[in-house]
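Written out below as structure tokens is the structure these notes cover.
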Amino acid sequence: MSHGLGLMSLACDNASDHAGEELARLLAGYRPLPGIFDEMMDPRGAPRGHWQPFLSMLAALGTEEIERRFSAADRHLRDSGVFYRVYEDPAGLERAWPLSHVPLVISAAEWEELKAGLIQRAGLLEAVASDAYGQGKLVREGRLPAALIAGNPDFLRPLVGVAPSSGAHLRFYAVDVGRAADGRWWVLGDRTQAPSGAGYALENRIALSRAMPDIYRALRVNRVAPFFQAFQAELTRLGRQDDSRVCVLTPGPMNETYFEHAYLARYLGFLLVEGQDLTVRDDGVFVRTVSGLKRAEVLLRRLDGDFSDPLELNARSRLGVPGLVQAVRDRKVVIANSLGAGLLEARGLLAFLPALAPHVLAADLAIPNVATWWLGHKEARRAMADELDTMVLASAFTEGAAEAPLREGVVGGALDPARRKRIAQAIDDRGIDYVAQEAVTLSTMPAWRHGRLEPRPFSLRLFLAKVGTGWQVMPGGFVRVADGSDARAVSLQRGASTADAWVLSEGPVADTTLLPTPERIVIKRAVGVLPSRAADNLLWVGRYIERAEATLRLVRALINRTTEADETAAPLVARISALLGAWSAGPIDIPHARAALIARAALSRGVDEGSLPHLAAAARGAAAVIRDRFSPDAWRALVRLAATVEAPLPEGPAESAISERVDQALRIVASFSGLAQENMSQLGGWRFLELGRRIERGIATCRFVRQFADDAALEVLLELADSQITYRQRYVMVAARAPVVDLVVLDPNNPRSVAYQLDKIEQHLAALHRRGVEGRLTAPQQIAAAAATALRTVEPDAIDDTLISATEHALMRLSEAIAAAYLIHNERAEPRWEALD
Amino acid sequence: MIYDVRQTTAYTYASKVAYAHHVLRLTPIDRIGQRVQASALDIVPAPVARREGRDFFGNRLTRIDLAEPHDRMTIRMAARIVVEPVVAPPPETTPAWEEVRDEVFAATDIGATSPAHFLFASRQVSLDPEIRDYARESFAPGWPILAGATDLMRRIKQDFIYEVGATTVSTTPPMSFALRRGVCQDFAHIMIAGLRGIGLPAAYVSGYLRTVPGNDAPILHGADAMHAWVLVWCGEEAGWQGLDPTNALIAGDEHVVVAIGRDYADVAPIDGVVFASGGQRLDVSVSVTPVG
């Protein structure tokens, strides 16, 4: 009851009087919804006790400062590149992360209750999974209908009789809970397939604790980092061999929560892999890396179980690893959660868990789940027949049934008559596919809208990790906040926002000294494990970016010559145009076309494969599949480059618009290079990007030299090689062939020269893991060394077309040799079906 | 009847296959009414790893890995099999279909032969409302289940045209239903979709038909390759009954069972993942010869 008095008890001196006024102002317009439990405000309109310290501190900031803090949190999320993807969105767009800034405050006492209830539930679910894939006693004894297991699309039959080698089906478990009007927490659903949200919760936490460090510290909010540390240590411990590593298995960048996969992998220090990065051999599961096959003994699975092995599970999966099930059977790999654990998500199970608990655990469920009836039983069907209008009807499984999928659940009474009739018939035919559930209302929590607090319904996702034989619960959670005030349904996909959950501690919290990044844990990334697929894409990002730069330089050289009224420029214009044509960046068949038109073609998305939009899109595409390897800024530079060159140019010749476009694009390319250099791990990944760039730059420079190394065009050559300033500083005279060629081809100190590229290539190759015979150069090294030596042993005036052509070809061969030496695993798996009749 | 069964399956690849995993479901096993006296499975090139096993439904599986680069894989299966004549119960003695349905919905058996596994949509058999409504016409209220299922089988034979090439191995039941044509796989899938649609368990059988029928009977469809038909659950007493909608026949001693599953995807004779680029060609030849 002290809760309700909080406001008044503050009013004992002037300062608190002031504070009281601020708090009253903050809460002035806040009206809980009728008949709905509000987390922050009690029925008498006073803030609940465990919210008061937070609210007072928030109120003390004042509206302006609150808004400033909240936008700082948004900015942090944007800068970290947090996004999610919406499946239904035809454009497959990434969405900015919608943070509702006010956290859900949970008291220490209430947390203890929740925790105990969820740990109990985890134990029950583990028992159900272990029985379904083991002895099947629960079914035989009539405690679970056979149809509810057999009809579950996530009941993976090849795994029946295969006990997980680590002893547990569940290692990471998420539960959605909501609070009913009577103030009790209810379990809304279980997430066991590949639970998402923990990584987003972590990002929310970092963003918010940075925006409000003072409040966060003063409130003694439980840290979530120790939970992740414990989980990380546990998974690491499960690998038994010295050389094993933990991998996060993701379906790839098109998945809606790919950001989280990449984020968690980085945070936990695990290797992010897709199915095609892994291969099953006789003695286990391996990652294909640039240094050969590396053992993967533990997989944190974010790929649905059924898609994990095209050989024994869903043959149409292009995301899985052929043979993975056999590796599990042979106990060569630990998968968390086990293949098949998704079966526990079925809504139909909710109908039986309350009765199973006393049998399995010798105790009732401490936290009840939503009252559920499985309509496969004739008695349940009859009992529910008259109640359908007030009930939520839903699929009994995670996948919907054919005619009336009801994946999300609908209130019977809200259906139009035709649909209602169809559903009633479907239930009559195949009640086994459906459940009826009590329609639940959720409680509300405050959200900051239009400069004030408003009540919003929410559900809370909590996370549990198996550690040793017990469970740890993440003290915090992932809150999904509804947009409107309809307290019946919440779905992030439908545009809701998310919030952090702050679990208050009664004692001091550990780790407080890590501010301003309280949740950052420092973990060493596995060294030298670069999946071949990632390396291959990095190499190509480098090549596309560099080719884009070279093309931009050509276009600029072209435009520069059209603005000079000098007639002598005409032949040069033709030669530059010809080179653009030879690069498929512009038309080859209009020798007398106006330079501006050719420049325009190179900058527009036409049929020309080498045009800027094509190159930028190719670079972005290659980078998109390995986004986790780039910093958010570097990624944004690529996106910006693609967007910039895609934008239509103003009509007409408009030389100035063209050169503006070129300069802008070149600036973005330069910023990408800087960001990649600054922020990418030097352990392999960056080297492949660099190799791609150096090879492409070498090739481009060779082509420039072949075209423009004559007296009439030396200025163009210097310009293309971006070496005018160096030349002027060195020679203070008009361009002459020998010194220009020396500078552009041989000078090891000119970062644009061919020799410099070869030099760098040799350095990178030497730093990569050696796959050749001991004491010998690898094939790529041999090619690079031969080409570099040829340049080191020639005089500038002896450089001719033959040598340049030879160097150019060596660089092209080099690209292939690198692919053969490091990236050769790009074999593709094609599941096949045999025909018959 | 005793049969000698031979099947040769040959894949020819457009480019060398460096590595391949395959799962083979080609070897018949002993079943009720069927005894395998001898069988052999020969694979060229020789696999580096070969394991024999059973799938969930008890079918024989051979898992092989090929590590030798190859552009052709040939699999030869040979078996001698004794098949007993089948005595199907008189349809009118089987229970009402609704009774069977409610009994299965409440089943407490999750073992491999439990009808509960065969009630639901599966990889290649979605539960299409139109097929369900088509099937419902054969099941008047209170009708004995085998009578209804036999009627459905005859209607499929009558209403659909057997046409090789009209469909492919990945044609869905709604597609072949709309076309009103297909081959044994399509007819089996349609019949299964119809039965499951009204809550009745139905399984998919892959196997062989006697190549030249006895007693001057007409040549049956599906004898020159692997064949497919349907098992219908007729209640605890009558159990599973085999019905062949392609030929409107109760499956008897001219049908040799290889594998049983929920649909074709469960029993595909050869599943595989090859590491190669380019296409492939498949040649299959089958003979089922009575030897006594």
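For the range A:735-759, the tally of residues that are in contact with a Phe, Trp or Tyr (Cβ under 9 Å, 6 or more places away or on another chain), in a helix (DSSP H, G or I) and surrounded by 20 or more Cβ atoms within 10 Å (Cβ to Cβ) stands at 3.
When the range B:274-292 is filtered for residues that are at the interface with chain A (Cβ under 9 Å from one of its Cβ atoms) and surrounded by fewer than 24 Cβ atoms within 10 Å (Cβ to Cβ), the ones remaining, listed by number, are B:PHE275, B:ALA276, B:SER277, B:GLN280, B:LEU282, B:VAL284.
Identify the residue in the range A:23-46 that is surrounded by fewer than 19 Cβ atoms within 10 Å (Cβ to Cβ) and in contact with a Ser or Thr (Cβ under 9 Å, 6 or more places away or on another chain) and, among all such residues, is farthest from A:LEU58 (Cα to Cα). The residue in question is A:GLY35. So for the range B:59-71 (the condition being more than 19 Å from the chain's Cα centre (by Cα) and over 28 Å from A:LEU324 (Cβ atoms)), does at least one residue qualify? Checking the range B:59-71: not a single residue is more than 19 Å from the chain's Cα centre (by Cα) and over 28 Å from A:LEU324 (Cβ atoms).
Taken over the range A:387-414, the criterion of being at pLDDT below 80 and of a type outside the set (D, E, K, R) is satisfied by A:GLY400, A:ALA401, A:ALA402, A:ALA404, A:PRO405, A:LEU406. The single residue among B:ALA259, B:ALA265 that is surrounded by fewer than 24 Cβ atoms within 10 Å (Cβ to Cβ) and within 14 Å of chain A (Cβ to nearest Cβ) turns out to be B:ALA265.
Looking across the range B:127-152, the residues that are surrounded by 21 or more Cβ atoms within 10 Å (Cβ to Cβ) and within 14 Å of chain A (Cβ to nearest Cβ) come down to B:LEU127, B:ASP128, B:ILE131, B:ARG132, B:ALA135, B:PHE139.
Could you count how many residues in the range A:426-458 are more than 14 Å from chain B (Cβ to nearest Cβ), assigned to a loop (DSSP other than H, G, I, E, B) and without any contact (Cβ under 8 Å) to a residue 60 or more places away in the chain? The total comes to 2. In the condition set (1) within 14 Å of another protein chain (Cβ to nearest Cβ); (2) buried (at least 20 other Cβ atoms within 10 Å of the Cβ); (3) of a type in the set (Val, Ile, Thr), A:VAL175 is compliant with all but (1). If you go through the range B:155-213 and pick out every residue that is more than 10 Å from chain A (Cβ to nearest Cβ), within 13 Å of the chain's Cα centre (by Cα) and within 30 Å of A:GLY376 (Cα to Cα), you end up with 10. Selection of the range A:413-472 for residues being within 32 Å of the chain's Cα centre (by Cα), among the polar types (S, T, N, Q) and over 24 Å from A:ASP176 (Cβ atoms) yields only A:THR469.
Looking for something under 28 Å from B:ALA112 (Cβ atoms), away from every other protein chain (no Cβ under 14 Å) and either part of a strand (DSSP E or B) or in contact (Cβ under 8 Å) with a residue 12 or more places away in the chain (or both) - is there at least one such residue anywhere in the range B:16-24? No; the residues of the range B:16-24 include none that is under 28 Å from B:ALA112 (Cβ atoms), away from every other protein chain (no Cβ under 14 Å) and either part of a strand (DSSP E or B) or in contact (Cβ under 8 Å) with a residue 12 or more places away in the chain (or both). Within the option set B:LEU119, B:LEU127, being modelled with pLDDT under 95 and out of contact with any Asp or Glu (no Cβ under 6 Å at 6 or more places or on another chain) holds for one residue only, B:LEU127. At least 3 residues that are within 30 Å of A:HIS377 (Cα to Cα) and not β-branched (Val, Ile, Thr) in each: list the helices (runs of 4 or more DSSP H) lying fully within the range A:140-227 that qualify. Qualifying helices (runs of 4 or more DSSP H): A:146-150. Here A:TYR258 meets the list (1) within 18 Å of A:PHE463 (Cβ to Cβ); (2) among the aromatic types (Phe, Trp, Tyr); (3) within 17 Å of the chain's Cα centre (by Cα) almost entirely, failing just condition (1).
Taken as a whole, the structure places B:ALA193 among residues that are closer than 16 Å to B:ARG123 by Cβ and out of contact with any Ser or Thr (no Cβ under 6 Å at 6 or more places or on another chain).
Residues of the range A:251-300 that are more than 20 Å from A:SER532 (Cα to Cα) and among the charged types (D, E, K, R): A:GLU256, A:GLU260, A:ASP282, A:ASP283.
Scan (1) within 14 Å of chain A (Cβ to nearest Cβ); (2) at pLDDT below 95 for the single condition B:VAL87 breaks and write down its number. Tallying (1) within 14 Å of chain A (Cβ to nearest Cβ); (2) at pLDDT below 95, B:VAL87 fails exactly one: (1). Restricting the search to the range A:322-345, which residues are in contact with a strand residue (DSSP E or B) (Cβ under 6 Å, 6 or more places away or on another chain), within 10 Å of chain B (Cβ to nearest Cβ) and without any contact (Cβ under 8 Å) to a residue 60 or more places away in the chain? The answer is A:GLY323, and nothing else. Does A:VAL280 satisfy the criteria of being away from chain B (no Cβ under 14 Å), over 19 Å from A:SER196 (Cα atoms) and over 12 Å from the mean Cα position of the chain (by Cα)? In short, no. Kindly indicate whether B:ARG50 is basic (Lys, Arg), in a strand (DSSP E or B) and in contact with a Gly (Cβ under 8 Å, 6 or more places away or on another chain). No.
Looking across the range A:150-172, the residues that are more than 11 Å from A:GLY340 (Cα to Cα) and at the interface with chain B (Cβ under 9 Å from one of its Cβ atoms) come down to A:ALA150, A:GLY151, A:GLY161.
Would you be able to say whether some residue in the range B:144-163 is among the hydrophobic types (A, V, I, L, M, F, W, C) and in contact with a His (Cβ under 8 Å, 6 or more places away or on another chain)? Within the range B:144-163, none of the residues are among the hydrophobic types (A, V, I, L, M, F, W, C) and in contact with a His (Cβ under 8 Å, 6 or more places away or on another chain). Determine whether A:ALA394 is within 14 Å of another protein chain (Cβ to nearest Cβ), surrounded by 17 or more Cβ atoms within 10 Å (Cβ to Cβ) and not in a loop (DSSP other than H, G, I, E, B). So A:ALA394 fails the test. The condition of being more than 14 Å from chain B (Cβ to nearest Cβ), in contact (Cβ under 8 Å) with a residue 12 or more places away in the chain, surrounded by fewer than 22 Cβ atoms within 10 Å (Cβ to Cβ) and in contact with a helix residue (DSSP H, G or I) (Cβ under 7 Å, 6 or more places away or on another chain) holds for only one of A:PRO253, A:PRO226, that being A:PRO253. Can you find, within the range A:407-439, the residue that is farthest from B:ASP128 (Cα to Cα) among those that are buried (at least 17 other Cβ atoms within 10 Å of the Cβ) and touching a Gly at 6+ places or on another chain (Cβ under 6 Å)? The qualifying residue farthest from B:ASP128 (Cα to Cα) is A:VAL435.
The values are calculated or read from the model by the stated rules, or taken from the named source; none is laboratory data. Bear in mind that the values here come from a model prediction, so they are computed numbers and not experimental data. For neighbour counting, all protein chains shown are included, and Cβ atoms are generated from backbone atoms with ideal geometry for every residue, glycine included.
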